[in-house]
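Read through the structure below, which is laid out as structure tokens, and then see the notes.
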Amino acid sequence: MKLVYRQHAIRRMFERNINTDDVTAALTTGNEIEKYPNDTPYPSCLWLGYSGSRPLHIVFADNTEDDERIVITAYEPDSAQWLPDFTKRARV
């Protein structure tokens, strides 16, 4: 499946010092932690993966018709907003 980066993702990755190798590593090592089935034009999900020891959350959607995985955004989860394993949001 080909990775396609939305302009928003590229901008945010640059701001957050996340590169395409980081995203690839995180997508290879991680798991889906939330589903967004009502997103359009394709259902998306939140993925937790790691680039080395760095946790990353990636939001992506799969366009299976064109064999594309569309990266919407990527960020390092904030420990104040997530439980220690970064799979569930902390209750505030």
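For this structure, a couple of remarks:
- Dipole magnitude (debye, nearest 20) for the chain, charges at Cβ of Lys, Arg, Asp, Glu: 360
- Phi angles of the range 26-42 translate, via the Karplus equation with coefficients 6.51, -1.76, 1.60 and θ = phi - 60°, into HN-Hα couplings of 5, 5, 6, 9, x, 9, 6, 10, 8, 10, 10, x, 8, 5, 10, x, 9 Hz per residue; Gly and Pro are given as x.
- Calculated FRET value between Glu76 and Lys2, using beta carbons and R₀ = 35 Å, to 0.05: 0.90
- Tail beyond 15 Å, pair distance distribution of the range 2-75 (Cα, percent): 50
- For His8, His57, order by how many other beta-carbon atoms lie within 10 Å, fewest first: His8, His57
- In this Cβ point-charge picture (+1 for Lys and Arg, -1 for Asp and Glu), the range 42-92 has a dipole of about 460 debye about its Cα centre.
- Of Trp82, Ile58, Tyr5, farthest towards positive along the dipole that unit charges on Lys, Arg, Asp, Glu beta carbons give the chain: Trp82
Just so you know, all these numbers are worked out from the coordinates, no wet-lab data involved. Source: prediction; values computed, not measured. Note: ideal-geometry Cβ built from the backbone for every residue, glycine included; neighbour counts use all protein chains shown.
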